[in-house]
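Engineer: What follows is a single structure, and I will ask about it in a moment.
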Amino acid sequence: MRHLGAVQAQDVPSALLAFRTRSATLTRAGVAAARHAREIVRTWAPRGTLHFIHVDDLPWLHALTSRLTNTLRRLAQEGVTGDDLLPSTTSHHRPPHPS
C-alpha cells in the first residue's frame, strides 16, 4: 500500500475500495488488517482533505503539506520575503495611548 502515497479518504468505504482498485494484490482483508494495525492512518494531508497515508510517510507529508509551509511557499512565489513578513511598526491603526 505504501507505493500509492496517499488515497483520498473523506468517505472511508470508498477509500478502502480505492486501495484495492489500484493494486492487483490487495484484498479487503489486507486493507482492513493494515488499518487495524495502524500501518495506514487517516489524516489531513494533501490539498487539505482527508487521506489514508502509510504511517511512516506522515512526518514528511505533513511537513510538505502543512498550512505554514504552503503559506510561506506562496508568499515567496509572490516575492514576499524577509522584512516584508515582519509586523509593521508604522501602523496607522495604533491603539489609543492610555491617559
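The values are calculated or read from the model by the stated rules, or taken from the named source; none is laboratory data. Keep in mind that this is a model prediction, so the values were computed, not measured. Here the Cβ is made from the backbone with ideal geometry for all residues, glycine too, and neighbour counts use every protein chain on show. Just the protein is used for accessible areas: all its heavy atoms, side chains included, with ligands, DNA and RNA removed. Shrake-Rupley method; radii C 1.70, N 1.55, O 1.52, S 1.80 Å.
Engineer: In region 25-53, what residues are surrounded by fewer than 12 Cβ atoms within 10 Å (Cβ to Cβ) and either of a type in the set (K, R) or modelled with pLDDT under 85 (or both)?
Structural biologist: R28, R38, R47, G48, T49
Engineer: Criterion first (in a loop (DSSP other than H, G, I, E, B), under 17 Å from H3 (Cα atoms), aliphatic (A, V, I, L, M) and open to solvent by less than 90 Å² (accessible area, probe 1.4 Å)) does L17 satisfy it?
Structural biologist: On the way: in a loop (DSSP other than H, G, I, E, B): no; under 17 Å from H3 (Cα atoms): yes; aliphatic (A, V, I, L, M): yes; open to solvent by less than 90 Å² (accessible area, probe 1.4 Å): yes.
Answer is no for this residue.
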